1. Select from segment 140-176 the residues that are closer than 22 Å to Asp75 by Cα and among the basic types (Lys, Arg) and write down the one among them that is nearest to the chain's Cα centre (by Cα).
2. Helices (runs of 4 or more DSSP H) wholly in segment 1-78 with at least 2 residues that are surrounded by 13 or more Cβ atoms within 10 Å (Cβ to Cβ) and in contact with a strand residue (DSSP E or B) (Cβ under 6 Å, 6 or more places away or on another chain) - which ones?
3. How about segment 81-99: which of its residues are at pLDDT 90 or above, in a helix (DSSP H, G or I) and open to solvent by less than 70 Å² (accessible area, probe 1.4 Å)?
4. Among the candidates Asp141, Asp136, Asp102, Asp123, which residue alone is in contact with a helix residue (DSSP H, G or I) (Cβ under 6 Å, 6 or more places away or on another chain) and surrounded by fewer than 18 Cβ atoms within 10 Å (Cβ to Cβ)?
5. Those residues that are open to solvent by 40 Å² or more (accessible area, probe 1.4 Å), on the phi > 0 side of the Ramachandran plot and either acidic (Asp, Glu) or at pLDDT 95 or above (or both), I need them from segment 154-194; list them, please.
6. Residue by residue through segment 100-133, note down the ones that are assigned to a helix (DSSP H, G or I), within 24 Å of Cys14 (Cβ to Cβ) and either in contact with a strand residue (DSSP E or B) (Cβ under 6 Å, 6 or more places away or on another chain) or modelled with pLDDT of 95 or more (or both).
7. Select from segment 137-153 the residues that are of a type outside the set (Lys, Arg) and modelled with pLDDT of 90 or more and write down the one among them that is farthest from Val174 (Cα to Cα).
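The values are calculated or read from the model by the stated rules, or taken from the named source; none is laboratory data. Quick caveat, the model's predicted, so the values are computed rather than measured. All Cβ positions, even for glycine, are placed from backbone atoms using ideal geometry, and neighbour counts span all protein chains on display. Quick note on the areas: whole protein, heavy atoms, side chains included, nothing else; ligands and nucleic acids left out. Shrake-Rupley method; radii C 1.70, N 1.55, O 1.52, S 1.80 Å.
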Amino acid sequence: MKTVFTTGEAAKICKVSQQTIIRCFDSGQLKGFRVPGSRFRRIPRDVLYKFMKENGIPTDALESGKRKALVVDDDQDLVELLRDALEADGRFEVKVANNGFDAGMLVKEYRPDVLVLDVMLPDINGREVCQRVRSDSSLDDVKIICISGMVEADKISELKDSGANDFMQKPFEVEQLVDRLCKMLDMEPAASGR
């Protein structure tokens with residue numbers, strides 16, 4: 001469990017810009033210390049927690065220290081496979097949905113860092129889910145990776161135009177997907193003895 005954060009890490013946890021954190025630090029709203037002999041600012045966990053509470057920022061990202069992933073697919077086997085792989089990585093907290101309606105509800109309340117989205121859902125297509133997520137500015141930080149068995153290049157560019165950050169063709173290696181998610185979230189790739 002991390003006990004001290006950089007301004008960049010604190011910004012990610014609070015879902016604000018790094019400049020905002022630096023401003024709060026420099027104005028004394030957010031206490032911390034500078035690394036001796038450098039300009040680097042550091043913020044202790046307990047101070048960051050108190051700052052988040054005082055400013056009405058949800059503290060769940062700080063409490064678990066894990067990135068939140070929401071996996072949306074109607075293929076139960078694939079959902080389990082992805083959940084197992086992400087939980088085995090140890091740095092993800094995972095929720096799942098099997099249709100677009102549940103996904104829409106969960107995205108709002110769970111506020112995942114990353115959404116793994118099947119494009120062909122029984123009740124709504126993935127492009128529409130992307131558009132809905134992107135139309136809510138409070139979800140700007142949510143990364144979306146679409147997965148599908150379809151291959152048409154124009155469909156993939158439509159998805160990206162709708163707000164998807166990435167696309168993976170099914171079938172794929174689960175490890176590849178986890179690596180892509182880590183890259184999108186600026187995390188070290190999974191250390192699974194490769």
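1. Ranking the candidates gives Lys143 first.
2. Counting at least 2 such residues, we get 7-14.
3. Matches in segment 81-99: Leu82, Arg83, Ala85, Leu86.
4. Asp123
5. The one that is open to solvent by 40 Å² or more (accessible area, probe 1.4 Å), on the phi > 0 side of the Ramachandran plot and either acidic (Asp, Glu) or at pLDDT 95 or above (or both): Asp186.
6. Correct list: Leu106, Tyr110.
7. Ranking the candidates gives Val142 first.
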